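Student: Dropping the structure in here first, questions after.
All of the numbers you see were taken from the coordinates with simple rules; none came from a lab. Note that this is a predicted model, so its numbers are computed, not measured. For neighbour counting, all protein chains shown are included, and Cβ atoms are generated from backbone atoms with ideal geometry for every residue, glycine included.
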There are 4 protein chains.
Amino acid sequence: MIVLTFSCPDRKGIVASVSKILFENDANIVESNQYSTNSGDKPHFFMRIVFEPESPQGLHSINQKLAEFSSVFNAEFKLTDTSVKKKAAVFVSKEDHCLYELLWQKSSGDLFIDIVCIISNHNILLPVAESYRLPFIYAPYKDNPSRQEEFIKREFKRLNLEIDFVILAKYMRVLSKNFINSFCQKIINIHHSFLPSFPGAKPYVQAYQKGVKLVGATAHFVNEKLDDGPIIEQDIIRIDHGDDINEIKRKGRIVEKLVLAKAVKLFTEDRILEHDNKTIIFE
Amino acid sequence: MIVLTFSCPDRKGIVASVSKILFENDANIVESNQYSTNSGDKPHFFMRIVFEPESPQGLHSINQKLAEFSSVFNAEFKLTDTSVKKKAAVFVSKEDHCLYELLWQKSSGDLFIDIVCIISNHNILLPVAESYRLPFIYAPYKDNPSRQEEFIKREFKRLNLEIDFVILAKYMRVLSKNFINSFCQKIINIHHSFLPSFPGAKPYVQAYQKGVKLVGATAHFVNEKLDDGPIIEQDIIRIDHGDDINEIKRKGRIVEKLVLAKAVKLFTEDRILEHDNKTIIFE
Amino acid sequence: MIVLTFSCPDRKGIVASVSKILFENDANIVESNQYSTNSGDKPHFFMRIVFEPESPQGLHSINQKLAEFSSVFNAEFKLTDTSVKKKAAVFVSKEDHCLYELLWQKSSGDLFIDIVCIISNHNILLPVAESYRLPFIYAPYKDNPSRQEEFIKREFKRLNLEIDFVILAKYMRVLSKNFINSFCQKIINIHHSFLPSFPGAKPYVQAYQKGVKLVGATAHFVNEKLDDGPIIEQDIIRIDHGDDINEIKRKGRIVEKLVLAKAVKLFTEDRILEHDNKTIIFE
Amino acid sequence: MIVLTFSCPDRKGIVASVSKILFENDANIVESNQYSTNSGDKPHFFMRIVFEPESPQGLHSINQKLAEFSSVFNAEFKLTDTSVKKKAAVFVSKEDHCLYELLWQKSSGDLFIDIVCIISNHNILLPVAESYRLPFIYAPYKDNPSRQEEFIKREFKRLNLEIDFVILAKYMRVLSKNFINSFCQKIINIHHSFLPSFPGAKPYVQAYQKGVKLVGATAHFVNEKLDDGPIIEQDIIRIDHGDDINEIKRKGRIVEKLVLAKAVKLFTEDRILEHDNKTIIFE
């Protein structure tokens, strides 16, 4: 199957034109979703179509026609083969629950990804990498993120790794502008609060002190502002006055790992489009 | 705006053909959803499109083209004007919470419906109807549903009521085959359990005795088998050992009224298609 | 039944002492909950007991013994008769959904309260008050809250109203320090966001702009800092990119009214204790 | 810390008597919960108290006093040391998600248990046992459960295993009466439906065919009737028409593992009392 994601300034006839291209090349549409922002003065159109091409030539021709069409409609589009696994580099620090959930969902087939390496500023989770026979890059934090990231990038090269996207699975360090830009809209972070509540450090301690009745987790793309990238998925769990900080953390971990895995699944299935620092999710 | 709902045996080119018809008549597609059952040996295709027609003539032409196309593709389709309120007859017995939720959501504009009359086998809720200046048909239960329904239908005529669909808002009586068939796929019932658990009488008592940890409510279309029509919407609420039957009922009422109102909203916006005793919901 | 709420600095023997007092006066304990903060250097103890006294004399004696005991243990306690309805003054502005939910839950018996009057800075909801035969105090906003509140208090006196607590059911104005202090820990507000996210004005617009995937509501006691009093109850509802501000508001209203009604229920059943700007909820 | 669980026919003075015993032996009550069934003609009383004993002698004396008291009040009680891990035998078939969740929550400290062995009628999950250095008993299903269980019990003996309770973590076989009785109220099963909906085989297929909008999971004690023991915990997840059976299973697995882990946690913390084929859960 092929996933087409497509976006452009809204106008009449987009669906008709695109579906005509697919039909004329004998493709069979299996799933389709669209959405237009009708607020603001510049309405924008978004679409995701899953189709079965008749043949590689058919697909080639579709690609060409879409390119022509896109230059006219000022559109962006992408064709992705669903049979090819996306390659993830997973960053961790000391906590393992998000990493384990990714590994388990990968091996059960629930997540269709390759995990090509695990990177950490600690070596605590090295045994996990070993037991799954995955390369482990131990990159202790230096005085600034750039020097550490240079080291990581050299390791990527040395290990000959191709990386499609980055998962920050409770990586407790800030990345440099540079690194973020080299994986634009391709770094997924899990923050352990219901953003915009409690950004930054120690959100569970903040939640405990505030006396909230729910705690949450937020998976988002990373951009240059801390904990402020486009939100992909959020969920919450109920707590009460009897829960101390450890119990809040315990409950929170369950939400964190599920929210992150859900966001990764949405990403691997090309269900996320981005616009105006927000996400459009085609479920 | 116009809503097009469309379904037919699945094959290539449906989306292309339909969107071409809309495009050629200058309609602007605002929202679109589709789905195919890919299980079973007879895949079926479903679509819901919201569009803005260029003119009444354009809409007329679209209607004609779709009719031609449908006879070829063996399709069913419907065009509905979203500016026209659907007319509901609401059946109740003694409980008022579902009725009040419908009335409140209607007056706040959350539900875009007309409530043309309230029918009950008791006269307890007559004052509610009066305070909202709605006709109230008091139809005490006779020996069998048919005689009671004949009376109700005579009243509909006498009051000159046009009725698009029927809401059973905690109407605790079974309707006759005849009545059900005269409003085929247009009677929405709320059952106070998470079906198929606890069908029939006193579901909360059954839930209490079973010691379940959640109770639910189910909104479904009514067909000839008791509590077995296509499910539209379900939700649940947590209970615990400390909740006696009254407390379970109290919690349940909150779920009942919200689930029923949600189902009615989906119906009024033509978001529900039916196939094989199940619903496709385009949200 | 009598509800005893009790709190004091934690130490050994409190439960034994209190339950001995009840036992020696032939009271039957029906429900009991306790909690100690074990964090911080000054652990504090909280308890809620529901009991059936043997006789009015028995209750009198229990009250006396608890008073003696409390002066020694530096405790605060309160005895409340569950057969007496608490009297609420409900403040509203233009929106009616929270008011209607309170009125409906009151009349169904789900909320055991008296609503003694409705106060508003607009006269839009006067007809609602009339249809429920409740006094309506129309208090247009003056240049500062104090002048408006003086007027309201004069009306309370003129109407001879006794008021146990205040419900701000979408009252969109800030109250004065003075007014807040005269109803200390007895003013319940509903804020239409998941605090501490989006305090202040237009939380749904903020939520929309931020692109969150859930919106929430928070019921809290009012203190002198805006939207910062002890949180009583919170809940959330899922939204997606397709929901515009009106749809977010619509979904939010459902959460708002249920969260407020839940908080009021907890208050009327004396299930809320307050400590350190947080609540202990004995459910 | 010591957990006391206690139940007896309800009467006055139980709390006073028990807390007096604790106080006179200098124990410090940290947490306490109680509940009486007030329905039915034979009200029953349940209590859970967490306390810190002054000394081993103090605990011994408390035990003695409670035993005397219990013979008079016709009560059952149990004292459990929270510093001692309960020993679990985990039965699996082919699926690994519940097993992995238990192993992960154990190693993170979220579940305070010992897993003493893994038993399976298949050898697929042997590598998991090996990687965690746990004994694996491969017990292929024979013609009837008894013969298989005899083999398992012989292995328990041979390996010198002490077992406090049994977890059926997606063990797809029925156990014999005999085996169930030898672990009375100590076998926790996860059933992949919201019981009493869809008991028996293939609940997700049943759910798909029925067209429900939510699927669930139920953790319960095992008794002699299939899928009918006292329910410990339940939860649900939303599905829609677009989810085929594989997707329903995938979503369901997430609920299954969390519901089972929650039930095991409640059990290990002695928070579950059983009465009349229902559970009382002191959270």
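Student: Would you please put B:213-225, A:197-209 in order of how densely packed they are, using the mean number of other Cβ atoms within 10 angstrom per residue and starting with the highest?
Tutor: The packing order, highest mean first, is B:213-225, A:197-209.
Student: Rounded to whole Å, give me the distance from the Cα center of segment C:129-150 to that of segment D:72-123.
Tutor: 60
Student: Considering only DSSP beta bridges where both residues belong to the protein assembly as shown, give the percentage that are antiparallel (nearest 5).
Tutor: Percent antiparallel among DSSP bridges in the protein assembly as shown is about 70.
Student: What list of ³J(HN,Hα) values in whole Hz, one per residue of segment B:253-259 in order, does the Karplus curve 6.51 cos²θ - 1.76 cosθ + 1.60 (θ = phi - 60°) give from phi, with Gly and Pro shown as x?
Tutor: So the Karplus estimates, Gly and Pro as x, are 4, 5, 5, 3, 5, 6, 5 Hz.
Student: Between segment A:3-66 and segment A:156-203, how far is it from one alpha carbon centroid to the other, in angstrom?
Tutor: Value for the Cα centre distance between the two parts: 31 Å.
Student: Between A:Phe112, A:Phe77, A:Phe165, which gets the highest mean-square fluctuation from a Gaussian network model of chain A, Cα cutoff 10 Å?
Tutor: Comparing A:Phe112, A:Phe77, A:Phe165 in a Gaussian network model of chain A, the most mobile one is A:Phe77.
Student: What is the average number of partner chain Cβ atoms found within 10 Å of a Cβ in A:25-32?
Tutor: Neighbouring Cβ atoms belonging to other protein chains average 5 per residue here.
Student: Another one. Would you please state the base-10 log of I(q)/I(0) at q = 0.20, 0.23 1/Å for segment B:103-158, with intensities from the Debye formula using one equal scatterer on every alpha carbon?
Tutor: -0.78, -0.92
Student: Of A:Lys85/A:Lys262; C:Lys86/C:Lys153; D:Lys86/D:Lys262; B:Lys213/D:Lys106, which pairs sit farther than 22 Å apart, going by alpha carbon to alpha carbon?
Tutor: With Cα atoms farther than 22 Å apart: B:Lys213/D:Lys106.
Student: From the phi angles alone, apply the Karplus equation (6.51, -1.76, 1.60; θ = phi - 60°) to segment B:48-54 and give each ³J(HN,Hα) in whole Hz, x where the residue is Gly or Pro.
Tutor: For segment B:48-54, the Karplus curve yields 9, 10, 9, 9, 9, x, 5 Hz.
Student: Using modelled amide H (1.01 Å from N, peptide plane; none on Pro or chain starts), what sits under 5 Å from the amide H of A:His275, excluding residues fewer than 5 places away?
Tutor: For A:His275, whose amide H was placed from the backbone, the distant partners under 5 Å are A:Ile280.
Student: If you split all Cα-Cα distances of chain C into 10 Å bins from zero, what percentages do you get per bin, shortest first?
Tutor: 6, 25, 30, 23, 12, 3, 0
Student: For the rotation that brings chain B onto chain C, whose beta-carbon in chain B is nearest the axis, and what is that distance in whole angstrom?
Tutor: Here the nearest residue and distance are B:Ser131, 3.
Student: Report the Cα-based extents of segment B:101-196 along its three principal axes, largest first, to the nearest Å.
Tutor: 38, 37, 25
Student: What FRET efficiency comes out for the pair D:Asn246/D:Arg173, r = Cβ-Cβ distance, R0 = 30 Å, nearest 0.05?
Tutor: Approximately 0.80, to the nearest 0.05.
Student: Another one. So, counting K/R as plus one and D/E as minus one, what does the shell of residues with Cβ under 15 Å around B:Ala139 add up to?
Tutor: +4
Student: Above 15 Å lies some portion of the pair distances; for segment D:2-81, what is it as a whole percent of all C-alpha pairs?
Tutor: Counting every Cα pair in segment D:2-81, those more than 15 Å apart make up 52 percent.
Student: In whole Hz, what ³J(HN,Hα) sequence does segment B:169-174 give by Karplus (6.51, -1.76, 1.60; θ = phi - 60°), x for Gly and Pro?
Tutor: Coupling constants for segment B:169-174: 9, 6, 8, 8, 10, 7 Hz.
Student: Also, I was wondering about something else. Quick query: amide H of A:Val30 versus all other amide H atoms, modeled in the peptide plane; which residues come in under 5 Å with a sequence gap of 5 or more or a different chain?
Tutor: It is A:Val50, A:Phe51, A:Glu52, by chain and number.
Student: Rg (Å, one decimal) plus Dmax (Å, integer) for the alpha carbons of the protein assembly as shown?
Tutor: 31.3, 94
Student: At 7 Å along Cα-to-Cβ for each site, give me the label-to-label distance between D:Lys202 and A:Val205 in nm.
Tutor: With each label point 7 Å from Cα toward Cβ, the separation is 5.5 nm.
Student: Among D:Asp243, B:Asp244, which comes first, then next, by fewest other beta-carbon atoms within 10 Å?
Tutor: Going from sparsest to densest Cβ surroundings: B:Asp244, D:Asp243.
Student: Let me ask something else. Quick one: which residues, 5+ away or cross-chain, put their amide H under 5 Å from the amide H of C:Asn121? H built at 1.01 Å from N.
Tutor: Correct list: C:Val92, C:Ala139.
Student: What ranking of A:Thr80, A:Thr5, B:Thr82 emerges when the number of other C-beta atoms within 10 Å of each C-beta is taken as an exposure proxy, fewest first?
Tutor: Fewest-to-most Cβ neighbours within 10 Å comes out as B:Thr82, A:Thr80, A:Thr5.
Student: Here's a follow-up. Taking a label point 7 Å from Cα toward Cβ, how far is C:Lys153 from its twins in the other copies, in nm, shortest first?
Tutor: Label-point distances to the other copies, shortest first: 6.7, 6.7, 7.9 nm.
Student: Only helical DSSP H runs with n ≥ 4 go in: add -39500 (n - 2.57) per run for chain B, normalise by residue count and round the 222 nm mean residue ellipticity to 500 deg cm²/dmol.
Tutor: One gets -11000 deg cm²/dmol as the mean residue ellipticity at 222 nm.
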